[in-house]
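**Student:** Please read through the structure below; I'll follow up with questions.
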Amino acid sequence: MKENMMFAWIASWLALVGQLIFFMGVALFTGDWRYMMWSFMISIIVGIPSIMGTYKRNQQLKAYKK
């Protein structure tokens, strides 16, 4: 089965950065910065392990191809 690592990288970065950017816009629009605080914590909890897992799988695929 072919794995689409580009999609995995995009999803990982969107989980980390995209969510922050979206909720920063919400916080700017509403003036309530708690949106930003909570989204930061959630995006770090979800985004960092996602990026680490994608990186690890990418390294495994590169080692397998050699």
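No lab work stands behind these numbers, since they all come straight from the coordinates. All figures in this text were calculated on a predicted structure; none of them were measured in a lab. As a convention, Cβ positions derive from the backbone with ideal geometry for all residues, glycine included, and neighbour counts pool all protein chains shown.
**Student:** For the subset of the range 25-66 comprising residues that are touching a helix residue (DSSP H, G or I) at 6+ places or on another chain (Cβ under 6 Å) and of a type outside the set (Ser, Thr, Tyr), which member is nearest to Leu14 (Cα to Cα)? Give the derivation first.
**Tutor:** Residues of the range 25-66 touching a helix residue (DSSP H, G or I) at 6+ places or on another chain (Cβ under 6 Å): 26-27, 33, 35-36, 39, 43, 46-47, 50-51, 54, 58.
Now restrict to residues that are of a type outside the set (Ser, Thr, Tyr): 26-27, 33, 36, 46-47, 51, 58.
Details: Val26: 16, Ala27: 18, Trp33: 21, Met36: 16, Val46: 10, Gly47: 8, Ile51: 10, Asn58: 18 Å.
That would be Gly47.
**Student:** Shifting gears a bit: Using beta carbons and a limit of 9 Å, which pairs, at least six apart or on different chains, have the first residue in the range 46-66 and within 13 Å of Glu3 (Cβ to Cβ) and the second one surrounded by 10 or more Cβ atoms within 10 Å (Cβ to Cβ) and charged (D, E, K, R)?
**Tutor:** Close Cβ pairs (under 9 Å, with a partner that is surrounded by 10 or more Cβ atoms within 10 Å (Cβ to Cβ) and charged (D, E, K, R)) amount to Arg57/Glu3; Leu61/Glu3.
**Student:** What do you reckon, is Leu20 hydrophobic (A, V, I, L, M, F, W, C) and in contact with a Gly (Cβ under 7 Å, 6 or more places away or on another chain)? Talk me through it step by step, then tell me what you get.
**Tutor:** Working: hydrophobic (A, V, I, L, M, F, W, C): yes; in contact with a Gly (Cβ under 7 Å, 6 or more places away or on another chain): no.
No, not satisfied.
**Student:** Another question, if that's okay. Among what's in the range 28-45 and is surrounded by 14 or more Cβ atoms within 10 Å (Cβ to Cβ) and of a type in the set (Phe, Trp, Tyr), pick the residue that is nearest to Asn4 (Cα to Cα).
**Tutor:** Across the range 28-45, the extreme among qualifying residues is Phe40.
**Student:** Return only the number of the condition from (1) without any contact (Cβ under 8 Å) to a residue 24 or more places away in the chain; (2) surrounded by 13 or more Cβ atoms within 10 Å (Cβ to Cβ) that Gly25 does not satisfy.
**Tutor:** Failing condition for Gly25: (2).
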